[in-house]
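Asks: Below: one structure in C-alpha cells.
The values are calculated or read from the model by the stated rules, or taken from the named source; none is laboratory data. All values reported here derive from a predicted model rather than from experimental measurement. So basically every Cβ, Gly included, is an ideal-geometry build from the backbone, and we count neighbours across all protein chains shown. Each accessible area value is taken on the protein alone, full model and side chains, heavy atoms only, with ligands, DNA and RNA left out. Shrake-Rupley method; radii C 1.70, N 1.55, O 1.52, S 1.80 Å.
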Amino acid sequence: MRKSLSLVAAAGAALLAGNLALMPAASAEAPLPTDKQCSKNKPTDNVTKGWCVMINRKKGNCLACHDVITKRFPPDFPAAGNIGPPLVSMKARFPDAAKLRAQIWDPTDINPNSSMLPFGRHKVISEQDIDNIVEFLYTI
C-alpha cells in the first residue's frame, strides 16, 4: 500500500513539474504600467500604448465597465467594473481583428441597445488608439 501511494505521489510530482516547465513565463514579464507611469514614461510599443489608452480616464476608461483578465496587472491596481463582459481570451472570442475593432469603434452597429460608448464614431479616441487597444486585447 505504501509503495503504491509513493508511486502515485512521485507520478503526480513529475506531472506537475512537467506542466510547470511547459507553462509560459508570465510571471517573468514586467507588470503593465499604471496610468501615472503611462503619462510619465510614454510607451513606445503599440501593445503598451493600447493598455495605457484603456486605463486612462480621459480616453478609453475601459476598466470602468470591464474586468481585464491578465497576469500582468500592476501591483495594487483598483478593481474593475462589471457592467460589460470581462475582457479575456479576446483572440478566441474575436478571431477576426476587424470585428473587434468595429466593436470598439461603434458597438451600436452590432447591438443598437449597447451601453458601450461608440469611441471611434464619437471621436473619443483616435483611430490609432483603437488599433493599439486591439493589439493589447489580442495579448490576453
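Asks: Pairs please, first residue from the range 108-134 and more than 18 Å from Cys38 (Cβ to Cβ), second anywhere and of a type in the set (A, V, I, L, M) and exposed (fewer than 12 other Cβ atoms within 10 Å of the Cβ), Cβ atoms under 8 Å, 6+ apart in sequence or on different chains.
Replies: Ser115/Ile83
Asks: Tell me, which residue of the range 67-98 that is under 15 Å from Glu135 (Cβ atoms) and among the basic types (Lys, Arg) is least open to solvent (accessible area, probe 1.4 Å)?
Replies: That would be Arg72.
Asks: Moving to a separate point now. Quick check on Lys58: is it basic (Lys, Arg) and farther than 16 Å from Val134 by Cβ?
Replies: Answer is yes for this residue.
Asks: Within the range 122-140, is even one residue open to solvent by less than 40 Å² (accessible area, probe 1.4 Å) and touching a Ser or Thr at 6+ places or on another chain (Cβ under 6 Å)?
Replies: So far as the range 122-140 goes, yes, one or more of its residues are open to solvent by less than 40 Å² (accessible area, probe 1.4 Å) and touching a Ser or Thr at 6+ places or on another chain (Cβ under 6 Å).
Asks: Further question on the same structure: Anything in the range 103-115 that is open to solvent by 50 Å² or more (accessible area, probe 1.4 Å) and either part of a loop (DSSP other than H, G, I, E, B) or under 16 Å from Gly50 (Cβ atoms) (or both)? List them, or say none. Even if it seems obvious, please write down each step before you answer.
Replies: Residues of the range 103-115 open to solvent by 50 Å² or more (accessible area, probe 1.4 Å): 105, 109-113, 115.
Across the range 103-115, the qualifying residues are Trp105, Ile110, Asn111, Pro112, Asn113, Ser115.
Asks: Could I ask something else about it? So Lys58 ticks every box in (1) under 21 Å from Gln37 (Cα atoms); (2) within 15 Å of the chain's Cα centre (by Cα); (3) modelled with pLDDT under 90 but one. Which box is left unticked?
Replies: All conditions are met except number (2).
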